[in-house]
1. Check region 288-297 and report whether any residue there is surrounded by fewer than 23 Cβ atoms within 10 Å (Cβ to Cβ) and of a type in the set (Gly, Ala, Ser).
2. Name every residue in region 422-469 that is at pLDDT below 90 and more than 22 Å from SER132 (Cβ to Cβ), in order of residue number.
3. Taking the options PRO186, PRO202, name whichever one is closer than 30 Å to PHE319 by Cα, surrounded by fewer than 22 Cβ atoms within 10 Å (Cβ to Cβ) and in contact with a helix residue (DSSP H, G or I) (Cβ under 8 Å, 6 or more places away or on another chain).
4. Could you check ALA242 against (1) part of a helix (DSSP H, G or I); (2) more than 23 Å from the chain's Cα centre (by Cα) and say which number it fails?
5. Does ILE270 satisfy being crowded, with 23+ Cβ neighbours inside 10 Å and under 16 Å from VAL457 (Cβ atoms)?
6. Residue check: is THR208 over 12 Å from LEU273 (Cβ atoms), touching an Asp or Glu at 6+ places or on another chain (Cβ under 6 Å) and in the same structural domain as ASP193 (by TED's automatic domain parsing)?
7. For region 315-332, indicate whether the set of residues that are touching a Ser or Thr at 6+ places or on another chain (Cβ under 9 Å) and among the small types (Gly, Ala, Ser) is non-empty.
8. So is LEU139 without any contact (Cβ under 8 Å) to a residue 24 or more places away in the chain and not in a helix (DSSP H, G or I) or not?
Amino acid sequence: MLRKISIAVLLVVFATTSLGTVAKEKKGESTPASSKSTTKSDGKNKAKTKTKTKTKTNAKANDSAKGKVAQSTPPGILFRHALSGESAATLVGLVTRYNEENKGVPIVLQHISMTDNLRFLPHIALLEQNESSKFFDTLPRMVPLFKVMADASEKFDATSFYPVIADVVDDSKGKIQALPLAQSIPVLFYNKDALRKAGADPDTPPKTWLDLQVMAGKLYDAGYTCPYASSNTQWVHIENLATQQNAPLINSERGKSKLAVNGLIEVKHIALLSSWYKSRYFHYFGRGREADEKFVSGECSMLTSDSALYAQLSRDKKFNVGVAALPYYDDVYGATPGRVLPDGAVLRVVAGKKPAEYKRVANFVSFLLRSDVQKEWVKATGYLPMTPDAVDALVAEGVEPEVLRKVSASLANKTLVSAARPKMFLGMDRFHAILGEELEAVWADKKPAKEALDNAVIRGNAVLRPAPK
């Protein structure tokens, strides 16, 4: 029987369902055939002049379609994002659908790669916790989502979200700060073909970190130069490690709260990874999702990353892919393998806009929460459903009820909500950057695990501050 953590991953299997033809946002996309110059020659100079004029016109049209911002922006609610592939195409389709169903001020998508001026702030943005500088070149204020919805008199109930999903975006009082639109859980992907060639059973993936070490050794001995890699290193190997092993990320002592990521379990794990790095079992490609492509291409045989990657893997089908629960330590008292921290991009509302614009934002959020919209989004992207209504919609469409029942039970299980997620503090994004720097010093063999994590705690405590009550 599958463990609870692996049950949620099954949901991404449904991401292969086709959504039909949707216009994708691609840099350098050509203009429609109908807008190309069709001027017939009635004199070479005249034709050239007309062609140049049309080329300039088409270039401007392209920039507008992609949401390019220079001196001005199209009237509407600006929605900045960094999605690509099927996720971006699905978002385009949903925004188009909303604009068709709701006449008035439109939602205008803007891909971050097509933004000339990052400081020209959008109304809403789909971004991850550490991406404020990347998205805005500054740290703008955000408006809590629950307030935006209340001011617009839009129905919005925090209890309608799955507890495990709400835990990502609510504050210490249970108030929803952002929309958890693109959430995933950390999982282990593995190349079944590679495991088979290395003499391992492809249907018996590693359950513990020591199991993974044994598997990495077999792959390396079989000639695989990158047995294991990881994306989102801080999230997988510190935050979820702590959560699985029932260890806090922050401790309160004598009325003061301090980071606690330099405990015995964290030091043990980072030291183990360091030994793998030196042995060429573990390869590091960056703090973000750089390792994903190394696994997708077949260069690396095992990968820890977010579950939504399975949507891409199932479409590419370059090799047989296995998905397993995130490994854990079975020799640690109180270990809870099923308790992990969903994470990913959330939809945030930027401060400083007009009340009428926030009212339109609230209406758009209500649209995104509709069960039929969530159903389409989850099937195409592999992200986790936000509410039970989305699962009910999938069941009604014929998706296997037993699988979805288990998915729902896992996301609704309040015991899987982790107390490790710090909500009383601001500055966690800065701490994540610090932690990334210290871990890179370990991989470079400049610091031992304990010194790096001790430094991360000292530096992190200096940037954390209590959240306003």
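The values are calculated or read from the model by the stated rules, or taken from the named source; none is laboratory data. All values derive from a computational prediction rather than experimental measurement. Please note: Cβ atoms are built from the backbone with ideal geometry, for glycine as well, and neighbour counts cover all protein chains shown.
1. yes
2. LYS469, the sole residue that qualifies.
3. Numbers: PRO186 fails: surrounded by fewer than 22 Cβ atoms within 10 Å (Cβ to Cβ).
Residue meeting the stated conditions: PRO202.
4. (2)
5. Criteria met by ILE270.
6. Here the answer is yes, as THR208 does meet what is asked.
7. Yes, some residue in region 315-332 is touching a Ser or Thr at 6+ places or on another chain (Cβ under 9 Å) and among the small types (Gly, Ala, Ser).
8. For LEU139, the condition - without any contact (Cβ under 8 Å) to a residue 24 or more places away in the chain and not in a helix (DSSP H, G or I) - is met.
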